[in-house]
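Novice: Just passing along the structure, written as C-alpha cells.
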Amino acid sequence: MLKKREIQDLFRPLIGQKAWGGKIGWGSFLTIEFGARHLEDHRFHGDWHLWLYQCDWELRSGRRLLAHSESKKRIMQLAINNLNDAQLTNFSFDARQMLSTLTFGRQLHLTCKPYPDATPDEECWMLFMPNQQVASLRSCGLEMQPARAPSRANQPGKELEPERPKHERRMELEQ
C-alpha cells in the first residue's frame, strides 16, 4: 500500500518554490523545473525536475479547465506556461484514487493519475532530486533509485530516462 505521508514528504522541500521551464514533451509528457538552474547537455534543468510521464493530467485555474493530457499540443503548452513563475503552495496525494495534486499560486491546480490501463510498473510521475535520486510513482508503489543510469555513470548530466511506451514508439515509426 502506498504511504501518503512518504509521497507528500518528497514534495515538502518544493513548497514555496517557483516553477519554471514548464514544457510539453513527447505526446503529453510534461516537465516542470524547480530551484536553481543548471546547464546539462545544452539544456537548463532545475535542482528539482518533475516529469509527468505515463498519466492523465489536467490543469485548472480555479474551476476552469485550461488543458488536459488529451488537449492539442499547442493548447497544452499555452496552459502550462501559466505555471512558470507560479509558487507551489501545496502537494497532496490520494492513495485510493492514485491522484497527485500540485497547487500553485494564481489558483492553479495540476492533477495527475495513472492511465486507467497502466500496468503496475509504469511510472505516473518521476521526481528528480538534488541528491541524485529519482522517485518514481507507480501503482505498485514508490521507488527510489539513482538518477543516473549505471552504464552512463561516468558521463555527467546523463539522466535515467525511461523508454517510451510501446504505443508511442509505434506512432513514431509510422510518422
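The values are calculated or read from the model by the stated rules, or taken from the named source; none is laboratory data. All figures in this text were calculated on a predicted structure; none of them were measured in a lab. Neighbour counts are summed over all protein chains in view; Cβ atoms, including those assigned to glycine, are modelled from backbone coordinates with ideal geometry.
Novice: From the set of residues in the stretch 82-100 that are touching a strand residue (DSSP E or B) at 6+ places or on another chain (Cβ under 6 Å) and part of a loop (DSSP other than H, G, I, E, B), which is nearest to LYS3 (Cα to Cα)?
Specialist: Ranking the candidates gives MET98 first.
Novice: Taking the options PRO156, PRO116, name whichever one is at pLDDT 90 or above and not hydrophobic (A, V, I, L, M, F, W, C).
Specialist: Values: PRO156 fails: at pLDDT 90 or above.
From the options PRO156, PRO116, the qualifying one is PRO116.
Novice: Working carefully through the options LEU88, LEU52, LEU65, find the one that is within 18 Å of GLY22 (Cβ to Cβ), at pLDDT 95 or above and over 16 Å from the mean Cα position of the chain (by Cα).
Specialist: Details: LEU88 fails: over 16 Å from the mean Cα position of the chain (by Cα); LEU52 fails: over 16 Å from the mean Cα position of the chain (by Cα).
Criteria check complete, one pass: LEU65.
Novice: Quick one: count up the residues across the stretch 101-150 that are part of a strand (DSSP E or B), touching a Lys or Arg at 6+ places or on another chain (Cβ under 7 Å) and among the polar types (S, T, N, Q).
Specialist: 0
Novice: Kindly evaluate ARG96 against the criterion of being closer than 19 Å to LEU10 by Cα, more than 17 Å from the chain's Cα centre (by Cα) and without any contact (Cβ under 8 Å) to a residue 24 or more places away in the chain. Walk me through it before giving the result.
Specialist: Working: closer than 19 Å to LEU10 by Cα: yes; more than 17 Å from the chain's Cα centre (by Cα): yes; without any contact (Cβ under 8 Å) to a residue 24 or more places away in the chain: yes.
Answer is yes for this residue.
Novice: What are the residue pairs meeting all of these: first residue in the stretch 116-139, first residue under 10 Å from TRP48 (Cα atoms), second residue surrounded by fewer than 21 Cβ atoms within 10 Å (Cβ to Cβ) and of a type in the set (Asp, Glu), Cβ atoms under 6 Å, and 6 or more apart or on different chains?
Specialist: So the pair list comes out as PRO130/ASP47.
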